[in-house]
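Just below is one structure, and these are the notes that go with it.
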Amino acid sequence: MSRRGHVRWLETQLPEWTARGWIGADGSEQIRRHYAPDRGAGRSWLRMLLAIIGAVLIGGGIILILAHNWSDLSRPARAAVAFAVLLLGQAVAASAVRRPETSTGTREASAAFAALTVGAALAIIGQTYHWHGGSAFTLTWMLLILPLIYTHYAVTPALFYIAGICVWAVLERERTGPIAYLPLLALIAPHLAERIRRGGAGTPVVALMLWVIAAGAAICFGAFSDEDIHSAPVPLRPSFPFVMPHLFALYALLDALFFERAPTLGHRPLKFLGVGGVVVLLFIFSFRDPALELAGLRYFEPAGYSVAGFLLAGLLPILWLGALTAVATRVFAGAGEKDSEARKRPFRAVLGYGLAPLFLTVVPHLVGPATWLAVNAWLLALGVWTLADGARERSLGRVNGGMLLIAALILARFFDSDLTFLSKGIAFIVVGVAFLAANLALAKRRKGGAA
């Protein structure tokens, strides 16, 4: 049964427990508040979303009206319009923070409107005085809206900022690489830490920020390692198969350390992206040709020393090794405890995904042309482990995840082979029957346990 299913069952039982005198009315209400979701939170999110959309539409409408009459305005008039738009946004933002009773929706909408007016003002000045800033425009805009995140305690400008610095970093990857992206990303860390301190790591806002941060970092580090960068100051370029396994494995390990109590997978972007990224990379290298390239790969293209190159070649492995050590310590420290669930989750991260960088960097050089066989064996072990673990814990999601991994591996090998359509069709039917049988068996087991 899923967490929501447990909550619904609990809500149906609480009135009966209260009527029988097992618990008091206050205790019933406290239990319901602790386990049941806040229904008012959904309405609050809807109001905030509508306010943000309204502010964005108003800002866009103002820009369109100005664009319609733009050719009739002189340069001084255009500059005056730019500053008027900027002052309007600042006035709206200031009015929201002056009143202590301002709602979250109002703060978010005012911050979003102010962020848009800053960008509009910069664009007007740039167009008027022929400042084609490009990446400089993006960076300037992001730095100017950064204070809104802290003055309004707002997530909307934070999301703008995270996405904006990612775009800037990709545009500037040939000149700066990760050397400037990481400090810019660190400027958002105090806001994220404060949100975690106030509401915990499993809140929707924290999850949303982590989704954007993790996805943006994956895009940026992939861009830093994928291009053939020779211009200073990035002469040391680690290869894509070196950088990305370390990053995705680091995601999975950090999730096991800090976010394993999050209520749903949607609240755990590090697990989703980390585990998913590792599996996708392993599937890529489960084919013969990519595996052969991996076996003969030089992981670095050295042309001298640079700080930016060190950040990719050194920092990620150091962070990965530290997280792996922390998770392994937790695994062995809890080996003798009766309640082993807290130990099992980090153990799964270590076994299946945390060790992926070590596997993909060491094994290809040991087995050479047989790398694709080793990768296939690793994927099969992951699927079997996930399936067995799900069966032990009576988790339908994990059972389906393990079956899906095994089925995808089998089907990939069939498409990679010269078998006839009849053989492939029979294989599809067998895998489908296995899926249905596993789900039926688990459903009966869960019903028997509930009874």
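Looking only at region 158-201, count how many residues are in contact with a Pro (Cβ under 8 Å, 6 or more places away or on another chain) and modelled with pLDDT of 85 or more.
Final tally of qualifying residues: 1.
Identify the residue in region 131-177 that is over 24 Å from G222 (Cβ atoms) and of a type in the set (G, A, S) and, among all such residues, is farthest from the chain's Cα centre (by Cα).
The extreme case among them is G133.
Restricting region 395-451 to residues that are in a loop (DSSP other than H, G, I, E, B) and of a type in the set (D, E, K, R), which is modelled with the lowest pLDDT? Reasoning before the result, please.
Going through region 395-451, the residues in a loop (DSSP other than H, G, I, E, B) turn out to be 395, 416-420, 451.
Subsequent filtering for residues that are of a type in the set (D, E, K, R) retains 416, 418.
Working: D416: 68, D418: 64.
For region 395-451, the residue satisfying everything is D418.
In region 174-204, what residues are of a type in the set (S, T, Y) and under 24 Å from L139 (Cβ atoms)? So that I can check it myself, show each step before the final result.
We begin by selecting, within region 174-204, every residue of a type in the set (S, T, Y); these are 176, 181, 203.
Within region 174-204, T176, Y181 meet the criteria.
Limited to region 148-173, what total is found for residues that are over 15 Å from F137 (Cα atoms), surrounded by 24 or more Cβ atoms within 10 Å (Cβ to Cβ) and hydroxyl-bearing (S, T, Y)?
Number of matching residues: 1.
Starting from residues that are under 34 Å from the mean Cα position of the chain (by Cα) and at pLDDT 75 or above, keep the ones in region 58-90 and report whichever is surrounded by the most Cβ atoms within 10 Å (Cβ to Cβ).
Residue satisfying both the conditions and the ranking: G89.
Of all residues in region 148-157, count the ones that are under 15 Å from G119 (Cβ atoms) and either among the polar types (S, T, N, Q) or modelled with pLDDT of 95 or more (or both).
Adding up the residues that qualify gives 1.
The values are calculated or read from the model by the stated rules, or taken from the named source; none is laboratory data. Please read all numbers here as calculations on a predicted model, not as lab measurements. In this analysis, Cβ positions are derived from the backbone assuming ideal geometry, glycine residues included, and neighbour counts consider all displayed protein chains.
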